[in-house]
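Some notes on the structure that comes next.
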Amino acid sequence: MKRFLFAFGVFLLAAQAASAQTAGSTATVIITVHGVEVGKGSVSVGICDTGLGGDHCPVGGKQDSTAETLEFVFQNIPAGSYAFGSHQDVNKNGQRDENFLGMPKEPVALSNNALEKMIPTFADAQVAVLAGQENRIDMQLQMYGAKKAKSANAQ
């Protein structure tokens, strides 16, 4: 009986340690998307682990465009490096519309302001997600290729 209790105790300790390790290696990611055109379709976000778009973004979410700023909360995201993307489906056709060159025709955003590059890469948009904490990502929807307005304080 002592052996059984000892083995059971070891099992419980191992299970508790594994659970703590799993909880400690994940994070909460809060993505805030600014510049939403209110009342026009929906806004989608994706958490991309190896590239930009499609199968590279296994985690994502979608909300109706009810406010100029929308917040998406994802829990239990494994710590690591990710790129974050968003687009607004203004015409409600369920996809990101592109021109003949493959450039988005609807508002889009990437983490790290990667859209400032002519052809952004996964590395340009990469952000570290740190375990055991809230990781906040802010993105500004804009038309691809649109120049950002300079602030009044810019010289």
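Taken together, the values in this text are just the output of simple stated rules run on the coordinates, not laboratory data. Since this is a predicted model, take the numbers as computed values, not measurements. Glycine also receives a Cβ, built like all others from the backbone with ideal geometry; neighbour counts cover every protein chain displayed.
Some notes on this structure:
- For the range 25-140, the Cβ-based charge dipole about the Cα centre amounts to some 80 debye (Lys, Arg positive; Asp, Glu negative; other atoms uncharged).
- Close amide H contacts of Ile47 (hydrogens built in the peptide plane, cut-off under 5 Å, sequence separation of 5 or more or a different chain): Val59, Gly60.
- Residue-count net charge about Asp89 - beta-carbon cut-off 12 Å; Lys, Arg +1, Asp, Glu -1: +1
- Interchain or long-range residues, amide H under 5 Å from Gln126's placed H: none
- Listed peptides 60-70, 25-35, 80-90, 104-114 appear in the order 80-90, 104-114, 25-35, 60-70 once ranked by packing, highest mean of other Cβ atoms within 10 Å at the front.
- Rounded FRET efficiency, nearest 0.05, which uses the C-beta distance separating Arg96 from Ala128 and R0 of 25 Å: 0.45
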